[in-house]
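Throughout, read-outs are computed from the coordinates displayed, never taken from laboratory work. What you see is a predicted model; the values in this text were computed from it and never measured. Because the Cβ atoms are built from the backbone with ideal geometry, glycine has one as well, and the counts that use them run over all protein chains shown.
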Amino acid sequence: MKITDFRKLLTGLNQQDINKIATELYKRIPKSSKEGYDGVDYIIRSITEHQTENKNIQTVDFRSLHDEIDTFLSNANEGYYLKPNRIVSKTERSRWRFAVMHFVKELQKISNTSEDYNDSNIDLLSIYDILSRSCGYYVFRSQDPFAAIGKTQSEYYKILCQRIFYRDLDQNHLPTMIDNATKIYLDRRTLHIFLIKTLISYINTKEDILNTITITEEKVENARPEPSRDAWFVDESMMMYEFKDYIKNLASLVMGLYFKLNEYEKGCQYYWNICNKFEIDVYKNREPQDRKEILFYCLLGLVNSFTDDNKIWIATYDKYKKGTEPRQDLVKKYEEIKNSLVE
């Protein structure tokens, strides 16, 4: 039965029958599929938490709120919250974070049944964008803008995923959400892998996973080095670093999506091939064999991030260790894991 047929079947049932079906299906789900960052339990909690939030939704004058946000973003883009000017007063400049906290709180009150729901999410995305930019370049007088509003970047990104993908995978926002996980500056408590894993947790059907892989692979092929829009001058070395970091993150996303399909070797192979194709390395002054070793370690680290299955980690180690000289600590870890599997 296809997912569309299953949804049609549920449409004609009452709440009691749906609860019974859900309970029986949940009993048959293996424990390994329930747990983890992309497990069934995580998905259920994400949906129920969002529904609980919606019960307490209050009425918001969105048009007025949107105008406030639009003015705020325009002034921030002009640098008026960073330097003395006649547009934004000194008091307002020092209280920018309270304005953002107010905007985010009010936007989250807008129900998914409201005609303003999509527009409210666009405003949330715009605020996320300017806060992320402020992690790389001064937009406000803060070196940690997300902490200033009482959230981590990963927490804010999860809010975006909860709202944008609350029902189905929104294809219109998907390319933007991919970039918002892979191509942005980070706060002090967030890594790209945190954002990537959050995005993956909201992509659940095989059709959506394959579609996301296609979009991400196209981004890899079409990506070109480009200067930051906030940079005062073109720093070619920084431009290339950010370009390669973006490619590496996109490859990590594709790898994680293949892992969700249980196509582990395909995911590892894609990441390995892309990183080699674009010569992604960490230390430019290292010899080629040393850079290969670094890539080997990065690959094993991603395997650990995307699965708890030690068999997959061992298989990856055995296949990709050729041409490298793993450090003693890694060899010891390999032996310990392999012995534990035999026992």
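Quick check for me: using +1 on Lys/Arg Cβ and -1 on Asp/Glu Cβ, what's the dipole size of the chain about its Cα centre, in debye to the nearest 20?
600
Within 12 Å, Cβ to Cβ, of residue 97, how many net charges do the neighbouring residues add up to if Lys/Arg are +1 and Asp/Glu are -1?
Combined, the nearby Lys, Arg, Asp and Glu give +2.
Return the subset of 183/333; 260/338; 20/197; 158/311 for which the Cα-Cα distance in this structure is over 26 Å, preserving the input order.
Pairs exceeding 26 Å: 183/333; 20/197; 158/311.
Find out how many positive minus negative residues lie around residue 176, taking Lys and Arg as positive, Asp and Glu as negative, among other residues whose Cβ is under 12 Å from that of residue 176.
Residues near residue 176 contribute -1 overall.
Tally Lys/Arg at +1 and Asp/Glu at -1 over every other residue whose Cβ is under 15 Å from the Cβ of residue 229; what's the total?
Taking every other residue near residue 229 into account, the sum is -4.
For every helix of n ≥ 4 consecutive DSSP H residues, a contribution of -39,500 (n - 2.57) applies; sum these over the chain, divide by its total residues, and give [θ] at 222 nm rounded to the nearest 500 deg cm²/dmol.
About -21000 deg cm²/dmol.
Which one of 270, 313, 194 has its Cα pushed farthest toward the positive end of the charge dipole of the chain, where Lys and Arg give +1 and Asp and Glu give -1 at the Cβ?
Projecting each Cα onto the dipole axis, the largest value belongs to 313.
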